[in-house]
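Dropping a structure here in C-alpha cells format, bear with me for questions.
The values are calculated or read from the model by the stated rules, or taken from the named source; none is laboratory data. Please read all numbers here as calculations on a predicted model, not as lab measurements. Cβ placement follows ideal geometry from the backbone for every residue including glycine, while neighbour counts extend to all protein chains displayed.
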Amino acid sequence: MKRRARLLLWAAATDATFERATVRGIDALCGRCIHCGRPLAIDWEGRSIGPPATLEHLLPRSAGGDDRLENLAVACARCNHRKGAREDARRARRGTADRALAAALDRRRARFRSPPRAWPLPGLPADVNPPMGSDME
Ligand SMILES: [Zn+2]
C-alpha cells in the first residue's frame, strides 16, 4: 500500500470521530472532516467511499510540517484545496494564519486517540512514531 494511503488510514484511525462501520456494503472507517465536519468514509485500502477524503498536513510541508500523526488529519477535498489557496493569501498576514493553524492543531489533539487493536490497519511507515498506547509502541 502506498505511503499516502497508509498515513490517511492512520490519520483517520487516530481521530476519535472515526468509527468502523459498513458503508454501501463495504467495511470502512467513518468520521468527520477536521475542518467542516462533513461525514467522510474510507475503506481499509485508503480509498474514499463517497466524498473524497484527503490527507492534510495541518502545518503544511512547505512551512516545515512533517508526517507526525499529530500533524496529519483527514479533510474533505473541498477544505483541503481551499486551505491551499488560503495559505498563499495568508503569508502576507501572518497572525491570522497562526491562529487558524493553532485552532486546527488543537482540534486534532482533542480528537486524538489510539486506534482499537482489532482494526486491520496497515503498518506505519518506519519513520512515523506510533500513537502512545498502541500495540506498536
Ligand atoms: Zn471539510
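If you take just the strands (runs of 3 or more DSSP E) that sit entirely in the stretch 1-74, which of them hold at least 1 residues that are in contact with a His (Cβ under 9 Å, 6 or more places away or on another chain) and touching a residue at least 40 places away in the same chain (Cβ under 8 Å)?
53-57
Would you mind telling me which numbered condition in (1) out of contact with any His (no Cβ under 7 Å at 6 or more places or on another chain); (2) modelled with pLDDT of 95 or more HIS81 fails?
If we test HIS81 against (1) out of contact with any His (no Cβ under 7 Å at 6 or more places or on another chain); (2) modelled with pLDDT of 95 or more, just (2) comes out false.
Among the residues of the stretch 108-121, count how many are touching a residue at least 24 places away in the same chain (Cβ under 8 Å) and farther than 22 Å from CYS33 by Cβ.
Residues in the stretch 108-121 being touching a residue at least 24 places away in the same chain (Cβ under 8 Å) and farther than 22 Å from CYS33 by Cβ: 1 in total.
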